[in-house]
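Just so it is clear, none of the values below were taken in a lab; they were calculated from the coordinates. Owing to the predicted nature of the structure, the values given are computational and were not obtained by experimental measurement. FYI the Cβ positions are ideal-geometry reconstructions off the backbone, even for glycines, and counts take in every protein chain you see.
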Amino acid sequence: MRHWVSVLALLALISFCSLQAAFGWGENAERLVASKAIDTLPDEMQPFFAANRQFLVAHVADSQEALSPDSTASLNQHNSFIELDHYGQFPFLELPRSYDAAVRKFSRRTVERYGLLPWQIGLYSQKLTDALRMKDWGEARLSAAILAHYVAAAHDPFNTTVNGDGKVSDQPGVNERFSSGLVDRYQLFFFVKPNEAAFIRDPTDHAFDMTLSAHSWLENILLADRTAHAGLTAYGDEYYDRFYAQAGAVLIRQLSDASTDVGSYWMTAWINAGRPELPPQ
């Protein structure tokens, strides 16, 4: 009996990890975003976040499921994406930005099935605010890392579409090639330069704006992938050189904007918490 319990647990873990890998930037991209986000912060926040850079960079690629022991994987696998195009045509005005209103209109089951990312960002923005207000620095570090994970995810175009795995457009693996492959191959050659962090008036509403902006790049990336692979039989060096030449500017823009927004969410939580004096480490 114990043997079968162990086997089932292992299979569940493998399945869960596979689901997690299907969404979001690769680890190198998320770590780059988190590190660059620290540099966007005002002087009052810099010492604490710089001292915790290693923690934030190490854990940003972990989602809530990995960091929170009370998580429910069956639900939380839907936290890192939102399939906007399930709800009609851009800019998807049929989907209310209020979670309660969306549930009333489409049902909780539908809203959860097609992704909760913007609302999850709003939730963790509040969690970070509460931790900073209570001066619970350990919880603040954890919430900051999880929030960075979700904010970064909102800038990946493939986290915003029913075509997240590329199967709808007959381009399986395109999300991995863009979100991980290009970063892993070319990150030493491109320059991510975020703007200074700015206050966000409505964290959930801004999260929807981020996903809309990311989604607007989707067709450009899909076309670049098809063009780069034309006449080739494999996704090797020649393909990636072509793909980067056509989609690299979008990639750099999204990583830069993600870094700006992560810093902005951190700063907003700090301001909303009453600008507490942060410890030096």
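Is it the case, given these coordinates, that T204 is buried (at least 21 other Cβ atoms within 10 Å of the Cβ), out of contact with any Lys or Arg (no Cβ under 6 Å at 6 or more places or on another chain) and among the hydroxyl-bearing types (S, T, Y)? Break it down stepwise before answering.
On the way: buried (at least 21 other Cβ atoms within 10 Å of the Cβ): no; out of contact with any Lys or Arg (no Cβ under 6 Å at 6 or more places or on another chain): yes; among the hydroxyl-bearing types (S, T, Y): yes.
Here the answer is no, as T204 does not meet what is asked.
Could you list all residues from region 93-114 that are of a type in the set (V, I, T) and either surrounded by fewer than 17 Cβ atoms within 10 Å (Cβ to Cβ) or touching a residue at least 60 places away in the same chain (Cβ under 8 Å) (or both)? Matches in region 93-114: V103, T110. Residues considered: F190, F158, F178. Of these, the only one that is aromatic (F, W, Y), outside any loop (DSSP other than H, G, I, E, B) and touching a Gly at 6+ places or on another chain (Cβ under 7 Å) is F158. What pairs come up if the first residue lies in region 158-170 and is closer than 18 Å to T227 by Cα, the second is of a type in the set (V, I, T) and crowded, with 21+ Cβ neighbours inside 10 Å, and their beta carbons are under 7 Å apart, counting only those six or more places apart or on different chains? If the second residue must be of a type in the set (V, I, T) and crowded, with 21+ Cβ neighbours inside 10 Å, the pairs left are G166/V174.
Among the residues of region 76-86, those that are in contact with a helix residue (DSSP H, G or I) (Cβ under 8 Å, 6 or more places away or on another chain), touching a residue at least 24 places away in the same chain (Cβ under 8 Å) and in a helix (DSSP H, G or I) comprise L84, D85. Hey, P280 hits all of (1) buried (at least 16 other Cβ atoms within 10 Å of the Cβ); (2) closer than 30 Å to M134 by Cα; (3) of a type outside the set (S, T, N, Q) but one; which does it fall short on? It fails just one condition, (1).
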